[in-house]
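Visitor: Just passing along the structure, written as C-alpha cells.
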Amino acid sequence: MKWAALRRPLTDAGLVTVSLLDAWFQGSLGTGSDTACAAVASSALLLRRRAPLPVFILTVPSVLTSFALAAALIAMYSLAARTRSRSLLAVCAAVFAGCYMLPWPTPKIGPIVAISDVPDLAYGLGLAAAPALLGRLVQARRDLAARLSEITEVREHEQFLAAQSVLAKERAQLAREMHDVVSHQVSLIAVRAGALQVSTGDPDAKDAATTIRRLSVQTLDELRHMVSVLRASGSPPTELTPQPTLAQLHTLVAGCGIKADLHVDLDGDLPPPVQRAIYRTVQEALTNARKHAPGSTTRVDVRHRNGTVRTTVTNTAPTRPTLPLPSAHHGLIGLRQRAELLGGALESGPTPDHGYHLTLDIPIAPA
C-alpha cells in the first residue's frame with residue numbers, strides 16, 4: 001500500500017529530473033530564455049495526467065529553442081495514452097516535427113526552410129511517432145485489461161446465476177418428491193391409525209393408534225411447511241431419478257389403503273415422462289380420496305385413444321367422517337405443472353353424486 005501511494009509522485013519526480021538532465025546535457029541551460037523554457041517544460045510534467053494537452057503545449061517552446069526533447073516526448077506519450085483522437089495526435093506530432101526542424105533564432109538572411117531540412121523533418125516525425133505509438137499501445141492494453149475484467153465479472157455473475165438455477169431446480173425436485181412420496185406414505189399411516197382408533201376395543205391399542213395418528217398428522221403438517229419453503233424458489237418442476245413407471249401402478253393401487261379398481265388399456269409402451277406423470281396423478285388422486293373421502297370406492301382408468309392418453313380417477317362420496325389432515329393443495333398444482341410440461345391438461349372437480357373426479361389428458365406423438 002505504501003509503495004502504491006508513492007509510485008506516482010516518485011515517477012513524476014523522476015521524469016522531471018530526466019527532463020532537466022536532458023536540457024543540461026544539451027546545453028539548454030545557458031541563456032535565461034532557454035533555462036526558463038526548460039524549467040517550464042520540466043515542471044509541467046507534474047500535470048501530465050490531469051491536463052496532457054496543455055502540458056504538451058508548454059513543452060513545445062523547449063523543442064523550438066533547443067535540443068532538449070525529453071519533456072516534449074514524455075508529454076506526447078502522456079497525451080497518446082489518454083486521448084482517443086488520432087487527428088489530435090497527428091497535429092501534435094506535426095507541431096513537434098516542425099519545431100524540431102525550424103532553426104531558432106530564425107536567420108535574417110535567406111529562407112527559413114530549405115531542402116536540406118527535410119531529413120530533420122522526417123527525423124522529428126519519427127521521434128514524435130515513437131512515444132505516440134507507445135502511448136496508444138498502453139491505452140489499448142489498459143482497455144483490454146478493463147474489458148477482460150468486465151468479462152470476468154460477467155462470467156462470475158453467470159456462474160452464480162447458473163448455480164442458483166440448479167439449486168432452485170433441486171429444491172423444486174426435493175419438494176415434489178417429499179409431497180409425492182413421503183406425504184403419501186405418512187397420510188396412509190395416519191388413515192390406518194385413525195381407522196384402528198375407531199374400530200379397536202383394546203384400550204392400549206386405541207392409545208397407540210391415537211399416538212400414531214397424532215404424530216402422523218404433525219409430520220404431515222411439518223412436511224407441508226417444508227414443501228412450501230422449498231417451492232418458494234419458483235423453479236419449474238423437474239424430475240429426479242429413479243422415477244416410477246406404469247409397471248408399478250398395480251402395486252400402488254393395491255396398497256393405497258382404500259377400495260380401488262384399476263383398468264389399463266394401452267397400446268405399447270409410453271415415454272418415461274408420460275408414465276411418471278400418470279403414476280403421480282394416480283398417486284395424488286388416491287391420497288386425496290383416502291384423506292377426504294374415507295369409506296369411498298375409487299376407479300382408475302388409463303386409456304389410449306386417438307393419440308391421447310387419458311387417465312381418470314373417480315371416487316364416490318365418503319361414507320365415514322373425514323379426518324382433519326393438513327393440506328396445502330400443492331399436489332394438484334404440481335400435477336398441472338407436469339401436465340403442461342408434456343403439452344397436456346388436468347381437470348378436477350366434484351361429481352353429481354358428491355364424489356370427485358380427476359382427469360389427465362396427455363397427447364402422444366405417433367411413433
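The values are calculated or read from the model by the stated rules, or taken from the named source; none is laboratory data. These numbers were taken from a predicted model, which means no experiment stands behind them. Cβ: placed from backbone, ideal geometry, glycine included. Neighbour counts: every protein chain shown.
Visitor: Can you tell me how many residues in the stretch 227-256 are surrounded by fewer than 15 Cβ atoms within 10 Å (Cβ to Cβ), in a helix (DSSP H, G or I) and modelled with pLDDT under 80?
Guide: 2
Visitor: I'd like the residue in the stretch 103-119 that is surrounded by 12 or more Cβ atoms within 10 Å (Cβ to Cβ) and more than 17 Å from GLN26 (Cα to Cα) and, out of all such residues, is modelled with the highest pLDDT.
Guide: Here the residue is ASP117.
Visitor: Sort out which residues of the stretch 257-279 are surrounded by 14 or more Cβ atoms within 10 Å (Cβ to Cβ), within 43 Å of the chain's Cα centre (by Cα) and within 18 Å of ARG305 (Cα to Cα), and write them in order of number.
Guide: Those that are surrounded by 14 or more Cβ atoms within 10 Å (Cβ to Cβ), within 43 Å of the chain's Cα centre (by Cα) and within 18 Å of ARG305 (Cα to Cα): LEU270, VAL274, GLN275, ALA277, ILE278.
Visitor: Right, something else. List the pairs whose first member sits in the stretch 127-147 and is surrounded by 13 or more Cβ atoms within 10 Å (Cβ to Cβ), whose second member is outside any helix (DSSP H, G or I) and among the polar types (S, T, N, Q), and whose Cβ atoms are under 9 Å apart, counting only residues at least 6 apart or on separate chains?
Guide: From the stretch 127-147, the pairs are GLY135/THR83; GLN139/THR83.
Visitor: Then there is this: Identify all residues within the stretch 318-343 that are under 32 Å from the mean Cα position of the chain (by Cα), modelled with pLDDT of 70 or more and part of a loop (DSSP other than H, G, I, E, B); write none if there are none.
Guide: LEU342, GLY343
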